[in-house]
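Below: the structure, in C-alpha cells.
The values are calculated or read from the model by the stated rules, or taken from the named source; none is laboratory data. This one's a predicted model, so the numbers in the text were calculated from it and none came from an experiment. Cβ atoms come from the backbone with ideal geometry, glycine included; neighbour counts cover every protein chain shown. These accessible areas exclude ligands, DNA and RNA; they are computed on the full protein's heavy atoms, side chains included. Shrake-Rupley method; radii C 1.70, N 1.55, O 1.52, S 1.80 Å.
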Amino acid sequence: MAAASQDNHSSALDKGNLPIIASTIKLSLTKPEELTMLDLGLTHVALPASDIGRSVDFYATYADMQVVHRRIDRETGSEVVWLSDHTRPFVIVLIQATIVQPVLSPLAHLGIGCKSREAVDMLCDKARQAGLLLEEPKDSGYPIGYWAFLRDPDGHTLELSYGQEIGLTVTQES
C-alpha cells in the first residue's frame with residue numbers, strides 16, 4: 001500500500017503538478033518530500049460516478065468545487081477526478097463506474113456550509129428546477145441549522161446548510 005501511495009505522489013510530481021497541489025492548499029512547497037506531511041486527518045471521500053462530466057458540473061454548481069486533479073487509472077482504465085472547494089486540503093474523489101448504487105442516500109450525505117439562508121434557498125431553487133431537490137429547506141434550530149438535501153446525478157445525497165456552527169464547535173474543542 002505504501003508503494004502505491006508513493007507512486008501517486010511521484011506521478012503527480014513527475015507531471016509538474018506540485019504548483020497545482022500547493023495552490024489548492026494555499027501553501028508554498030519547495031521540497032517534494034514535504035507533500036507527504038500534508039496528508040493528515042480526513043483527506044477525501046471517494047464516490048462512484050456514472051458520468052464524470054455531469055457530476056463535476058453538479059458539484060461545481062451546488063458545492064462550489066473545481067477539478068484539481070484528473071487522470072485515467074492505469075489498472076482499471078477508469079477516469080478519476082478530484083474536486084476541491086479550496087477551503088482545506090480535502091477532496092471528493094469521483095471514480096468512473098458503469099453501474100452506481102448510491103452510497104450516500106438519503107441520511108448518509110456530504111454536507112456543504114453556505115454563506116447564508118438566502119444562498120441555501122437560491123441553490124435549492126436551482127436544484128428544484130433541475131429536479132434534484134430531495135428535501136425542501138427547513139430550520140431545525142441549534143445545532144442543526146437551516147438545511148436541505150439534494151440528489152447528485154448518481155443518487156448520492158448532498159446537504160446544503162447554514163448555521164450548523166461545525167467550525168466554531170471544532171475550534172472550541174481544540
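Assorted remarks:
- Pick from the range 73-89, criterion over 18 Å from S50 (Cα atoms) and of a type in the set (S, T, Y), ranking: surrounded by the fewest Cβ atoms within 10 Å (Cβ to Cβ): T87
- Within the range 61-72, the set of residues being under 17 Å from P89 (Cα atoms) and open to solvent by less than 50 Å² (accessible area, probe 1.4 Å) comprises A63, M65, V68, H69.
- Within the range 156-174, the residues that satisfy the criterion of being more than 15 Å from the chain's Cα centre (by Cα) and in a loop (DSSP other than H, G, I, E, B) are G163, Q164, E165, S174.
- Residues of the range 91-130 that turn out to be assigned to a loop (DSSP other than H, G, I, E, B), at pLDDT 95 or above, touching a His at 6+ places or on another chain (Cβ under 9 Å) and under 14 Å from Y59 (Cβ atoms), as a count: 1
- In the set I92, I99, only one residue is in contact (Cβ under 8 Å) with a residue 12 or more places away in the chain and open to solvent by 20 Å² or more (accessible area, probe 1.4 Å); that residue is I99.
- Complete set of residues in the range 61-90 that are assigned to a loop (DSSP other than H, G, I, E, B) and in contact with a Leu (Cβ under 8 Å, 6 or more places away or on another chain): M65, P89, F90
- Residue check for L150: outside any helix (DSSP H, G or I), touching a Gly at 6+ places or on another chain (Cβ under 9 Å) and open to solvent by less than 40 Å² (accessible area, probe 1.4 Å): no
- Considered as a group, the residues in the range 102-131 that are closer than 23 Å to R70 by Cα and β-branched (V, I, T) include one that is least open to solvent (accessible area, probe 1.4 Å), and that residue is I112.
- Cβ-Cβ under 7 Å pairs, at least 6 apart or on other chains, the range 45-73 side in contact (Cβ under 8 Å) with a residue 24 or more places away in the chain, far side exposed (fewer than 15 other Cβ atoms within 10 Å of the Cβ) and among the hydrophobic types (A, V, I, L, M, F, W, C): L47/V103; V68/I20
- Only one of the numbered conditions (1) within 21 Å of P48 (Cβ to Cβ); (2) touching a Cys at 6+ places or on another chain (Cβ under 9 Å); (3) open to solvent by 40 Å² or more (accessible area, probe 1.4 Å) is violated by L134, and that is (2).
- Pick from the range 40-59, criterion under 26 Å from R128 (Cβ atoms) and more than 12 Å from the chain's Cα centre (by Cα), ranking: most open to solvent (accessible area, probe 1.4 Å): R54
- Residues satisfying the stated conditions in the range 153-174, i.e. open to solvent by less than 40 Å² (accessible area, probe 1.4 Å) and hydroxyl-bearing (S, T, Y): T157, S161
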